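The values are calculated or read from the model by the stated rules, or taken from the named source; none is laboratory data. None of these values were measured; they are calculated from a predicted model. So basically every Cβ, Gly included, is an ideal-geometry build from the backbone, and we count neighbours across all protein chains shown.
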Amino acid sequence: MPRVLYGVSPIGLGHATRALVILQELKLRGADVCVFSGGKAADFLRQNGVTVEAIVDDPVPTVIKGEMRRVALWYIRSWLANRRTITRTERLFDDIKPDLVVCDEEFSGLVVAGRRGIKRVFITDELLLGFARTWLARKIEQRVERWYRRLQDSVDMLIVPEFGTDSGNRRFVGPIVRAQTQNCPEVRSKHKLPGGTMVLFSMSGSGIGRDLALGVADSLKDAKLKGAFLVVTGNRGHSLSGEGIFDLGLVPDNQNLVACSDLVVSTAGKSTIDEAAAAGTPIVVIPIKHHAEQERNAKALGYSSDDAGRLNDIISQKMGQRNTPRRFTGEIAASDAIMSLT
């Protein structure tokens, strides 16, 4: 039985939701898996029955009025946090003695495994950076980018949860999403939601997006969509309130709400986009401005941060325009690829 050490980035919940599906597949293949993460991601994994070592520090980017700021400081804080985490990760390696290390955008595990000559799998959909805007941030990002490229090239396998053509150590496995586990009447009953048109605002797992959520609420009022109400998930701050607003906080099985909504609006995190595509639910994504990864995700769907100013029209156009559900099997391909190294 191969012993796998699996690291999960604590920024947001997309990495954790992806890990849940892969972990299930790895266990079906007989792997003995130990998971480590931190923050809300560790809490989320525990809520879903996963035993987690909460040792990872990784700061959330600063977002003010829908715009990513203080990038230079974020890079510096991330570097310092990774140094702190590496010390803890070294001790975990001593205890676990893994045969293989898998990290979903968690870097301390990759660093320690590289030092010890242990095979490494890196899971990421963020192959490029591009967050910097100021001179100082660009100078720092150039150094980070050189390190990041070397890391991608040096791991034994780089798994990308998108469609693409394999080359070198890169394996494109397609989206990795959680399956729907409740039907729509069960979902509405569980969360005490009324009948009518349901718009879901899926806030970033990092709690980012409050201003956009308020904008969506105003747009629903202005559009005067009869029977429409707003469900908010992922909010970590003060609960949003008002007529027709249901703030559910962090929801462990958010994919069920995504599947049962008439429209999803979110910042442009990949997990929510992929879950909407799997369910056939229409989605509007407004990326955090200057957040390179989210801007790339949004652009692929025809959106940008400027679309925050025309939510009324977009919501009216997209409401209820369901697509054909899609069956993604990225977790199977990813797990087969990981186990091929054991």
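Quick rundown of the values:
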| quantity | calculated |
| --- | --- |
| Selection from region 98-145 of residues that are among the basic types (Lys, Arg) and touching a strand residue (DSSP E or B) at 6+ places or on another chain (Cβ under 7 Å) | 119, 120 |
| Answer from 249, 234 - the residue that is at positive phi and either basic (Lys, Arg) or surrounded by fewer than 17 Cβ atoms within 10 Å (Cβ to Cβ) (or both) | 249 |
| Cβ-Cβ under 9 Å pairs, at least 6 apart or on other chains, region 4-28 side in a loop (DSSP other than H, G, I, E, B), far side of a type in the set (Phe, Trp, Tyr) | 9/107; 13/44 |
| Residue check for residue 58: touching a residue at least 24 places away in the same chain (Cβ under 8 Å) and charged (D, E, K, R) | yes |
| All strands (runs of 3 or more DSSP E) inside region 178-274 with 2 or more residues being touching a Gly at 6+ places or on another chain (Cβ under 7 Å) and farther than 27 Å from residue 329 by Cβ | 228-233 |
| Flag if residue 72 is small (Gly, Ala, Ser) and buried (at least 23 other Cβ atoms within 10 Å of the Cβ) | no |
| Residue match in region 168-178 (condition: touching a residue at least 24 places away in the same chain (Cβ under 8 Å) and under 30 Å from residue 220 (Cα atoms)) | yes |
| Those residues of region 114-139 which are closer than 29 Å to residue 91 by Cβ, in a helix (DSSP H, G or I) and touching a residue at least 40 places away in the same chain (Cβ under 8 Å), in sequence order | 114 |
| Set 83, 77, 88, 46: member being outside any loop (DSSP other than H, G, I, E, B), basic (Lys, Arg) and under 30 Å from residue 168 (Cβ atoms) | 83 |
| Residue 58 touching a Gly at 6+ places or on another chain (Cβ under 8 Å), among the acidic types (Asp, Glu) and over 22 Å from residue 342 (Cβ atoms) | yes |
| Any hit, region 56-71, residues being part of a loop (DSSP other than H, G, I, E, B), under 21 Å from residue 5 (Cβ atoms) and at pLDDT 95 or above | yes |
| Checklist (1) closer than 22 Å to residue 15 by Cβ; (2) surrounded by 14 or more Cβ atoms within 10 Å (Cβ to Cβ); (3) at pLDDT below 90 applied to residue 255, failing item | (3) |
